[in-house]
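S.K.: Here it is, the structure, as structure tokens.
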Amino acid sequence: MKFFKYIFIPVAAALLATGCNKLLDKPSRYGIEGKEVTDNEKGLDLLLTGIYDDVSSSHYYGALLYLYDATKSPDFYQRNVGGGYSFYSENNYSLYSNMNGNPRNLWLRCYRVVRNATILIDSINEATGEIESLRKIKGQAYALRALAYFDLLRLFAYPPRYSCTWGSAYGDTFRLGVPIINDIATGFNIEDHVVTRSSADECWRMVREDMQKGYDLLEDTYAEPGHLGPAAALALLMRVNLYMEDYKEVVNLGVKWRQKYESDYTMLTYDNYTSNYYKSFNSERVWELKYSATDNLGASSISYWVRKQTYNIPGSPLDGTVSKNLGYAKLALTHQATTGGYECMTKYPNDVRQYLICTLGIPFSDEITIRKYIGDPTHYVHNIPVVRLPEIYFMLSEAYWKRGNQTAAQEMLAKVTSVRRKENNPTLVNLNDILDEKRREFILEGQTYFDWFRNGRNITIRPVVGCIQASEGISFGTTSGRSYRAVYPIPLNEMIANKAIRNQQNPGYSAYSERVEVEEDVY
């Protein structure tokens with residue numbers, strides 16, 4: 001649907017973007033009209049399917065979120081080649097106030113999840129259907145809404161360490177979160193409400209409350225493949241508390257998770273890792289987004305964007321070399337003393353995760369990348385993990401360490417190192433030992449940059465490589481130099497649409513100055 005920004009757009013990502021103020025007064029994009037979407041189990045289940053479509057979109061978990069993390073982390077640089085998305089500004093820390101592109105797409109997609117989850121939550125109590133099925137749908141809606149706000153806060157606001165009054169490095173400059181739309185009345189009658197950015201305190205508490213509600217509704221239910229189930233919801237609740245620096249609660253939740261769900265999952269062994277790490281629904285994957293030969297992201301997939309199609313035959317001389325000129329190959333591992341992506345992945349000679357390294361197949365170049373996502377049998381058809389078993393151990397290890405229990409921290413870390421590099425007593429001198437091990441494990445899975453940011457672990461200057469210029473490092477918790485670009489600016493489109501937040505741009509970025517007419521494509 002095309003429209004101009006002179007038509008007021010609700011802050012919750014163009015809620016139905018019709019110019020109308022009544023709930024569901026036009027045909028749903030999911031093929032059910034009006035109140036039929038919300039008054040029965042079938043309609044609500046279709047609406048939930050639409051939410052998953054948005055989560056798995058290339059503009060969210062399907063590609064953009066993980067590529068954002070990769071290019072802002074110390075692990076990758078973007079090569080100067082055409083095709084696909086561009087993360088040059090993220091990679092070079094040259095974000096600017098009036099940019100739209102990636103931040104706009106992430107903002108809109110996350111708020112579309114918020115929109116539809118809110119419709120579902122506010123409507124389900126009046127719907128007809130099987131009670132347990134409705135309860136399960138509602139639990140997923142709460143958890144998915146919490147996830148969308150969690151990611152909005154990670155992308156467009158500072159982590160609780162800096163932004164929340166209880167944070168260990170709190171600064172009033174960073175106190176703002178994002179706009180909260182958690183009821184239908186506000187979302188669909190936005191012109192009757194003043195919707196500004198809420199405090200980070202309020203936002204993070206709401207995320208935790210929503211995720212807790214989601215888990216409470218889902219506990220002891222069964223998750224369909226590709227859907228968020230109780231084990232994933234509890235793991236995500238751990239993740240939220242880890243960001244909120246509530247390490248005692250992380251430990252409590254982690255103990256509960258192990259008691260209830262650990263027996264359902266198994267770490268891949270050292271010997272079967274290379275043949276199974278990429279396979280859909282393997283024994284480590286707690287929740288993954290599902291794609292198929294007929295429903296996939298094509299050239300927008302992470303695999304297509306990151307590398308060329310390779311031979312993946314452990315033990316073969318061809319293994320890791322390019323088999324077909326298919327893919328953009330726009331990311332390559334960084335090299336820099338001990339902090340580069342290549343140096344991190346190759347620190348331990350017997351680390352089985354070195355198998356992930358593959359060539360880019362570029363003539364007269366020794367650039368390399370990561371084959372984390374292998375399409376089977378098609379290059380761009382691959383599932384995307386959101387929660388995996390090793391994250392439970394890493395979260396517990398970090399929480400135990402920060403609570404002064406080094407023995408327990410090392411024990412949890414060994415759950416991973418014992419099967420990745422046959423190390424039962426991993427070195428654990430400081431927090432960075434945990435973060436670096438997690439970096440190796442979750443490279444290109446949307447964890448590293450956010451982990452460094454929330455812990456205040458600064459990113460050092462990167463040398464001139466490929467198309468990336470030498471740039472200032474990121475010193476988190478400051479707005480000097482390029483460091484304010486640690487987060488995205490609030491998108492220009494949103495500033496145009498919502499006058500109430502025009503004076504709430506993120507610190508360091510230029511204030512909103514003039515109204516610009518911008519044509520958008522909502523769907």
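S.K.: Given a cut-off of 15 Å, what percent of all Cα-Cα pairs of region 118-157 lie beyond it?
M.R.: On the way: 358 of 780 pairs.
In whole percent, the long-distance tail amounts to 46.
S.K.: I'm checking a number: the convex hull volume of the Cα atoms of region 43-177, normalised per residue, in Å³. What is it? Walk me through the numbers on the way to the answer.
M.R.: Values: hull volume 19.5 nm³, N = 135.
That works out to 145 Å³ per residue.
S.K.: Compute the helix-to-body angle for 389-402: its Cα long axis versus the longest principal axis of the chain, expressed 0 to 90° and rounded to tens.
M.R.: On a 0 to 90 degree scale, this one is about 90.
S.K.: So for region 97-233, averaging the separation of alpha carbon pairs under 8 Å that are six or more residues apart and normalising by length, what relative contact order in percent results? Please report the intermediate quantities before stating the final value.
M.R.: Working: 172 pairs, mean separation 35.5, N = 137.
Relative contact order comes out at 26 percent.
S.K.: A further question follows. How big is the Kirkwood radius of region 146-273, worked out from every pair of different alpha carbons and given in Å to one decimal?
M.R.: Details: mean 1/r = 0.0611 Å⁻¹.
For region 146-273, the Kirkwood estimate is 16.4 Å.
S.K.: While we're here: Taking only DSSP H segments of four or more residues, each worth -39500 (n - 2.57), what value at 222 nm results for the chain once the sum is divided by all its residues, to the nearest 500 deg cm²/dmol?
M.R.: Details: 18 runs with 202 residues, N = 523.
Helices in the chain give a 222 nm mean residue ellipticity of -12000 deg cm²/dmol.
S.K.: Grab the beta carbon distance between ALA169 and ASP366, set R0 = 41 Å, and tell me the FRET efficiency rounded to 0.05.
M.R.: Details: r = 40 Å, r/R0 = 0.97.
E between ALA169 and ASP366, to the nearest 0.05, is 0.55.
S.K.: Of the listed pairs LYS213/LYS415; LYS279/LYS347; LYS347/LYS422, which have alpha-carbon separations greater than 18 Å here? Walk me through the intermediate numbers first.
M.R.: Working: LYS213/LYS415 30 Å; LYS279/LYS347 26 Å; LYS347/LYS422 14 Å.
Exceeds cut-off: LYS213/LYS415; LYS279/LYS347.
S.K.: Lysines near LYS42 by alpha-carbon distance under 18 Å, same-chain residues fewer than 8 away left out - which ones?
M.R.: Qualifying lysines at Cα under 18 Å: LYS136, LYS138.
S.K.: Could you give the dipole magnitude of the chain about its Cα centre, charging the beta-carbon of Lys and Arg +1 and that of Asp and Glu -1, in debye to the nearest 20?
M.R.: Numbers: 58 positive and 60 negative charges, 223 e Å.
For the chain, the charge dipole is close to 1080 debye.
S.K.: Got a number for carbon plus sulfur as a percent of the chain's accessible area, 1.4 Å probe? Intermediate values should be presented prior to the final figure.
M.R.: Details: 9250 of 19550 Å².
Summing carbon and sulfur atoms, their accessible area is 47 percent of the total for the chain.
S.K.: If you don't mind, there's one more thing I want to ask. If packing is taken as the average count of other Cβ atoms within 10 Å, what order do 236-244, 121-129, 479-487 fall into, highest mean first?
M.R.: Details: 236-244: 23.7, 121-129: 15.8, 479-487: 18.3.
So the peptides 236-244, 121-129, 479-487, ranked by packing, come out 236-244, 479-487, 121-129.
S.K.: Here's something else I'd like to know. Rounded to the nearest 5, what % of DSSP beta bridges with both residues in the chain are antiparallel?
M.R.: Working: 20 of 21 bridges.
DSSP beta bridges in the chain are roughly 95 percent antiparallel.
S.K.: Which value, in Å to one decimal place, does the Kirkwood hydrodynamic radius take for region 87-160 when every pair of different Cα atoms is included? Don't skip to the answer; put the middle values down first.
M.R.: Details: mean 1/r = 0.0699 Å⁻¹.
Its Kirkwood hydrodynamic radius stands at 14.3 Å.
S.K.: Additional query: Before I look further, what does the chain give for accessible area per residue, probe 1.4 Å, in whole square angstrom? Write out the running numbers ahead of the final one.
M.R.: Values: 19550 Å² over 523 residues.
With the other protein chains kept in place, the chain gives 37 Å² per residue.
S.K.: May I pose another question? What aspartates and glutamates sit close enough to LYS290 to cross-link, taking a C-alpha to C-alpha distance under 18 Å and skipping anything fewer than 8 places away on the same chain?
M.R.: ASP45, ASP53, ASP54, GLU224, ASP376, GLU445
S.K.: Can you tell me the relative contact order of the chain? Whole percent, Cα pairs under 8 Å, sequence separation 6 or more.
M.R.: Working: 960 pairs, mean separation 110.9, N = 523.
Relative contact order for the chain comes out at 21 percent.
S.K.: Distance in nm between label sites at THR338 and ARG135, each 7 Å beyond Cα in the beta-carbon direction?
M.R.: Result for the modelled spin labels: 5.3 nm.
S.K.: What aspartates and glutamates could a cross-link reach from LYS248, if we take a straight Cα to Cα line under 20 Å and drop same-chain neighbours fewer than 8 places away?
M.R.: Result set, ordered by chain and number: ASP201, GLU209, ASP210, ASP216, GLU262, GLU391, GLU398, GLU411, ASP451.
S.K.: Further, regarding this structure: What angle, in degrees between 0 and 90 and rounded to the nearest 10, separates the Cα long axis of helix 230-243 from the longest principal axis of the Cα atoms of the chain?
M.R.: Taking Cα atoms only, the helix is inclined about 80 degrees.
S.K.: Would you mind computing, in nm to one decimal, how far apart the modelled labels at ASN430 and SER292 are, each placed 7 Å from Cα along Cα→Cβ?
M.R.: Result: 5.1 nm between the two label points.
S.K.: Shifting gears a bit: Cα centroid distance between region 84-122 and region 256-310, in Å?
M.R.: A separation of 25 Å, based on Cα centres.
S.K.: Tell me the angle of helix 406-420 to the major Cα principal axis of the chain, expressed in degrees between 0 and 90 and rounded to the nearest ten.
M.R.: Approximately 70 degrees, to the nearest ten.
S.K.: Once a ≥ b ≥ c are taken as the square roots of the eigenvalues of the Cα gyration tensor of region 126-217, is the result rounded (a/c under 1.5), prolate (a/b larger than b/c) or oblate (a/b not larger than b/c)? It would help to have the intermediate numbers written out before the result.
M.R.: Working: a/c = 3.35, a/b = 1.61, b/c = 2.09.
Oblate, since a/c reaches 1.5 and b/c is not below a/b.
S.K.: Follow-up. Can you tell me what the convex hull of the Cα atoms of the chain projects to on average, as an area in nm²?
M.R.: Values: hull surface 91.4 nm².
Computed as one quarter of the Cα hull surface, the answer is 22.8 nm².
The values are calculated or read from the model by the stated rules, or taken from the named source; none is laboratory data. The shown structure was predicted, so the numbers you read here are calculated from the model rather than taken from an experiment. Positions of Cβ are generated from backbone atoms using ideal geometry, with glycine treated the same way; all protein chains shown enter the neighbour counts. Note: areas computed on protein heavy atoms with side chains; ligands, DNA, RNA excluded. Shrake-Rupley method; radii C 1.70, N 1.55, O 1.52, S 1.80 Å.
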